[in-house]
Amino acid sequence: MDTRGGGTLTHLVSGTLRVSRTSQAIRTNVAAIGAALIERGVRPRDSVLIISGSRVEAAESVLAAFNIGAVAVPVSPLIGLAHLQSIVRQMQPRCCMVEDPPEASVITALAECGCAIIYFKSRAGALARDWTLYGDIIGREAIDLTFPEYEDEHPALTVHGSGSSGRLKSIVMSHGALLRFFEYCNLVWSQYLDGPDLRWRPSPMVTGMPLTHLGGLALCLQGLMNGRATYLMSFFLPDVYLRLIEEVRCPTILLVPSLYRSLLKERYLQQMDKSALEFCICGGEPCPDDLAARIESAFGVPVITAYGMSECLSGLGHRRHDLFSGRVKRGSCGKQLFGEISLRDAQGREHPDSGELWVRNPTVHRCYTDDSLNEARFSGGWYRSGDLFHRDADGDFFYRGRVDDMFICNGKNIYPQEVELLLMRHPAVEAACAAPVTFGADGPVPAVMIVAREWVSEAAIQDFAMRHGASHAVPQMVLFAQSLPHLGPGKLDRPGVRKLLQEAYETLRSRDSGIPASRSA
């Protein structure tokens, strides 16, 4: 993969300390790293594990693996010990690049598969005395900068996600699949350019998305290919983020709602120069109307909702005419931008206005290492997203939640996300997560976990839901919490919330009925 676009890549070590590379310096380093990987026995199709946050060295390591025909496997150091051990067993990496020393059990597992270790830090220390220092590799003399081409199906990248269920998913991208993904990403992003053509405008991008996420990696590598200055943040610091957006005159903010909430609390927001901003893009989780309104008021630009998946691009997007004429509807994920899009019921029958999103476009491919997932999610070139959408008369698509989150109470469909968005309109509610709970032989009823901005009673929440929503969706139990559990940035741990709600509901009903909780399940 070539990087001669003239871009630069910078990651923030802290508020003032930065590591920056030009595309030419990255090309030189990529060649040196590739040579070092080959010296350590890495061959085409072997895995190179990269356990790191978002930093320049991680991006260089991914590119180095691509260019020697190996498979880059970027993994967040926050993924969890059990998941990390599973990845090592599954991938059997020949080399591992690390930001910080992993747990001793992981080091043992790496040693058992004969894996060499390269350390990003400047000093190895006693624990890592046998490791190679990254700085010693890129400090070599110039190496041949030949970037070979590989066949379309040659594997290039494996990313891991927990999905909505918490189950680890391994997604493989070939060289051809990655290039198609980048091509259509360019099409999506080009809609945000106010000009007569679709050429990429090399405006700077500040991203808080991790390189272990395909979307974050795409923004990083596309920046290098398109001559854009791209800034990575290993740790999201709201004040630093705002000052950097201002300093580099970034036109677009792309964050999940929870991070926007943290920005709104920053004092510097009041004095920040926002004249370069054009859009605030919100993705990863639903953005309540009141939060969108607060963001628009604070930044002075429209809030645009984005929808994305790790497996492929959806084909949904906002068209340039709508974006720059102010015609984007609040909460809309866009219209059909490319490819084919279909809404279908559980039997696969097409419906005009609601159902599970099925997509078919050039970025769709059988991407899972788990064949059972491929069989379940791919059919006739279509990808079943598992996400429910509503399409209005104008062709705008609105996300309604996961297929497996929807449940039936008294013969009525209940969509947890709609309950959550309704309750987050209450001035005392900061965040909410709804799920079904049961007791004994009773059917499911809605319950909700809430993070409150200020004290509010369960009765007040239920009264608000009754007055503003459907009676069958009023939560029968409200559980207050300091925070909602998450699987990762912008991804609620819905199974975890449901478990906590179920346990609390069983305790409540058992106390009221006199039946021991152990008999209520």
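Just so you know, all these numbers are worked out from the coordinates, no wet-lab data involved. Model, not experiment: these values are computed from the prediction. Neighbour counts are summed over all protein chains in view; Cβ atoms, including those assigned to glycine, are modelled from backbone coordinates with ideal geometry.
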Gain on full stretching of the segment that runs from residue 86 to residue 482 - 0.36 nm per residue minus C-alpha separation:
139.4 nm
Once phi is turned into θ = phi - 60°, what whole-Hz ³J(HN,Hα) does the Karplus curve with 6.51, -1.76 and 1.60 give for every residue of the stretch 254-261, x standing for Gly and Pro?
10, 8, 7, x, 4, 6, 4, 4
Take residue 104 and residue 293, extend 7 Å from each Cα along the Cα→Cβ direction, and tell me the distance between the two endpoints in nm.
5.6 nm
Using unit Cβ charges (K, R positive; D, E negative) and no other charged atoms, how large, in debye to the nearest 20, is the dipole of the stretch 307-402 about its Cα centre?
340 debye
Residue-span extension gain [residue 393 to residue 133] - 0.36 nm each, minus C-alpha spacing
87.7 nm
Signed unit charges on C-beta, dipole axis of the chain, positive-most listed residue 116, 304, 233:
233
Taking the Cα of residue 442, stepping 7 Å toward and past its beta carbon, and measuring to each backbone N in the stretch 395-434: which are under 13 Å?
410
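How high is the FRET efficiency from residue 247 to residue 271, r the C-beta distance, R0 22 Å, rounded to 0.05? Let's see the in-between values first.
Details: r = 14 Å, r/R0 = 0.61.
With a Förster radius of 22 Å, E is 0.95.
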For the stretch 402-476, which chymotrypsin sites (Phe, Trp or Tyr not before Pro) are in a loop by DSSP, counting at most 13 other Cβ atoms within 10 Å?
455
Residues residue 38 and residue 261, FRET efficiency given R0 of 45 Å [Cβ-Cβ distance, rounded to 0.05]
0.45
Selection from 168, 205, 318, by position along the positive dipole direction of the chain (Cβ)
205
Restricting to bridges with both residues inside the chain, how much of the DSSP beta-bridge set is antiparallel, in percent to the nearest 5?
55 percent
With just the Cα atoms defining each centre, how far is the stretch 371-423 from the stretch 431-482? Give it in Å.
21 Å
Calculate the dipole size of the chain relative to its Cα centre from +1 charges on Lys and Arg beta carbons and -1 charges on Asp and Glu beta carbons; express the result in debye to the nearest 20.
360 debye
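If we sort 387-396, 413-422, 491-500 on the protection proxy, mean other Cβ atoms within 10 Å, highest first, what's the order? Display every interim value, and only then the final one.
Values: 387-396: 15.7, 413-422: 20.8, 491-500: 18.8.
The peptides rank, most packed first, as 413-422, 491-500, 387-396.
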